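Q: Next up is a structure, given as structure tokens.
The values are calculated or read from the model by the stated rules, or taken from the named source; none is laboratory data. Predicted model, so just to flag it, every value in this text is computed and none were measured. Please note that ligands, DNA and RNA were not included when accessible areas were found on the heavy atoms of the full protein model with its side chains. Shrake-Rupley method; radii C 1.70, N 1.55, O 1.52, S 1.80 Å.
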Amino acid sequence: MIIKMYIDYGIENKIEYLLDVILKEARKEEKLSYQLIITMLSAYSNNPINLLINAPSGVGKNYVINIVSSLFPQSDILSLAGMTEKALFHRIGKLVIKNEQGEYESIELKIDEIENEIKNKQFELSQVKDDTIKQQGIQSIINQFKEDKKNLLKDAKKLIDLSNKVIIFLDTPPERLLSGLLPLLSHDKYEVEYEFVDTHNGIKTKNNVLRGWPAVICAQALDYSHHARFPEF
């Protein structure tokens with residue numbers, strides 16, 4: 001990977017070297033390329049930058065973005081197109097609950113332990129087919145484990161960690177999504193809890209937690225200047 005290469009070889013001006021590599025493909029895009037490099041590198045700092053690229057369709061915004069982002073670890077790049085306002089909250093995360101200190105802790109290990117206990121008890125149950133009393137006792141324990149799992153999942157939230165990530169909206173993101181992400185983009189809180197309605201298997205309210213401050217790049221063609229919150233965007 002080029003970023004690792006120029007660090008390993010100790011090239012004196014790393015930004016200029018990276019620009020030189022990019023401009024071989026993205027000719028006459030020095031200013032945008034430089035802005036993109038700085039924005040993406042800021043994802044690894046304590047205060048990432050957000051970049052809004054507002055230009056008409058067809059001028060090559062995404063081409064330059066894709067070239068620059070290809071030089072970064074792809075596990076850190078989230079390129080999104082045609083995104084709905086809730087799509088970010090459906091990304092892969094881990095199930096957490098708040099502990100007594102008010103910090104989020106994973107429950108996945110606890111869930112695994114409960115499921116293993118249920119499997120073990122179900123095996124025991126299969127070995128005492130002729131003993132009704134033992135069957136009832138073991139089934140009661142199984143039911144209690146299932147209840148414990150249900151209670152854990154009922155209070156759980158999904159935590160999506162965006163630390164050291166670069167989120168790229170390759171087309172104009174929905175206005176409501178931008179509005180919803182403003183607390184995250186303005187770095188008000190390191191962990192932001194969002195409540196949304198989930199219509200999968202019935203209508204219910206869910207809570208997700210977004211952790212970390214990603215560097216966010218929006219490439220949009222629509223004009224939001226008339227919107228009341230445009231100065232914040």
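Q: Using θ = phi - 60° and the Karplus curve 6.51 cos²θ - 1.76 cosθ + 1.60, what whole-Hz ³J(HN,Hα) does each residue of the stretch 125-137 get, with Gly and Pro shown as x?
A: 4, 5, 8, 10, 5, 9, 10, 5, 4, 5, 4, 5, x
Q: Under a cut-off of 26 Å between alpha-carbon atoms, report the lysines in cross-link reach of Lys146, not counting same-chain residues fewer than 8 places apart.
A: Lys94, Lys98, Lys110, Lys119, Lys121, Lys129, Lys134, Lys154, Lys157, Lys158, Lys204, Lys206
Q: From the backbone phi of the stretch 162-174, what are the Karplus-calculated ³J(HN,Hα) couplings (6.51 cos²θ - 1.76 cosθ + 1.60, θ = phi - 60°) in whole Hz, Gly and Pro given as x?
A: The phi angles translate into 10, 4, 6, 10, 10, 9, 10, 8, 7, 9, 4, x, x Hz.
Q: Something else about it: Kindly report, to the nearest 10 Å², the accessible surface of Glu29 as traced by a 1.4 Å probe over protein heavy atoms only.
A: Here the residue's solvent-accessible area equals roughly 50 Å².
Q: Thr132: accessible area at probe 1.4 Å, nearest 10 Å²?
A: Approximately 80 Å² of Thr132 is accessible to the 1.4 Å probe.
Q: Want the number for Asp155 to Ile38: 0.36 nm per residue separation, take away the alpha-carbon distance, what's left?
A: 38.1 nm
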